[in-house]
Structures are given as C-alpha cells and as structure tokens.
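Notes for the one structure printed next.
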Amino acid sequence: MAVATEDRRVMLSPDACAENRAEARWDNSRQPPRRPTNLLARDPSPSIVVPRVLLLQAAATLLVAVGAWILAGSHAALSAVLGGAACVIPNALFAARLAAATRRARDDADPQVGAGRQVTAFLVGEVVKVGSTIGLLALIAWLVPNLVWLSLIIAVIAALKSPLLLALTR
C-alpha cells in the first residue's frame, strides 16, 4: 500500500496500523516557508539599517577616543579617531556602492541577471573595502607621528564589532 501526498510518497506495509499511517503522512502545515523566487523582492529596509550601522560605528569610535583622551591624552584620542575612521569611511563607501548596485539590479529586466550583478558588486566591494581599510591603516601608521597603537587597535575593534551590537538588539 502506498500513501501518496502532493510532496512525498511513503510506502507502508499492508498490516500497518492506522496510527502509523497517520504518522507517515506528510503534514503540509509543517513545511518550511518558501523563499521568494525574486531575491530582489525581499527588502529588509537597508535604507534604515545601513545608516544605523555607520552611526553606531562612528559612535563607538568616538567613545573609544574620549576614553583614550581621558586616560592617555590627545595623541591617543587622535589615534583612536584615525583608527575608527579607517574602518568607517570604507564601510560607508561600500554601502553606497552596494545601494547603487541594488538600484541598478532592480531596474534589470531579468531578475537572475540583476541578482548576479548584485552579488558580484558585493564581492568586489568587499574586497575593495578590506583593501582600502588596510591601506588607510598603513597610511596612518606611516604618516602620523606619536601614534598610540593600543588606542588605534581598540578603536578598530570597536568600529568593526559595533554592528554586532545592533544585530543582538533586533
């Protein structure tokens, strides 16, 4: 005896009891929710989240800078501000590039081509962001005299980990 449902076929022996047959049937109400076919249709409102992330990164940088200024003086505060800026500026440029790619992808006639372009823009943008962050940190290390490495590193960590705080509060 075979029990057929629209999603699954389950083979049962002829002497299977009714209880087993009921358990063997596929319950359609327990299916996972289906994802939309157009990945660009889902919009978790990045126009609200992105500025919050950037503002949170800037606030974390300023908080570390104030603490460094209180504990170690103006050179430490400047080092913290520069370290945080080396993370926040590339993130802002990456967000702007990704928003432009998303707008262009939505205007594309074929949703799959648009989604592919958006993924490519994300990956290229991420590589450029990481490279520019490393480049800015190297430029800061080369150009700034009396750099306080501890405050710079703490500001970089605070700026990079502050979006985690936003994710935990959601």
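The values are calculated or read from the model by the stated rules, or taken from the named source; none is laboratory data. Owing to the predicted nature of the structure, the values given are computational and were not obtained by experimental measurement. Every residue, glycine among them, receives a Cβ derived from its backbone with ideal geometry; neighbour counts consider all protein chains shown.
What to note about this one:
A quick yes/no check of all residues on (1) at pLDDT below 90; (2) small (Gly, Ala, Ser):
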residue	(1), (2)
112	yes, no
127	no, no
140	no, no
148	no, no
151	no, yes
156	no, no
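- Residues being exposed (fewer than 12 other Cβ atoms within 10 Å of the Cβ), modelled with pLDDT of 95 or more and under 30 Å from residue 158 (Cα atoms) are represented in the range 53-70 by at least one member.
- The residue pairs whose first member lies in the range 137-163 and is under 18 Å from residue 58 (Cα atoms) and in the same structural domain as residue 85 (by TED's automatic domain parsing), whose second member is in a helix (DSSP H, G or I) and of a type in the set (D, E, K, R), and whose beta carbons are closer than 8 Å, counting only pairs six or more residues apart or on different chains, do not exist in this structure.
- Per this entry, residue 136 is not counted among residues that are more than 21 Å from the chain's Cα centre (by Cα) and surrounded by fewer than 16 Cβ atoms within 10 Å (Cβ to Cβ).
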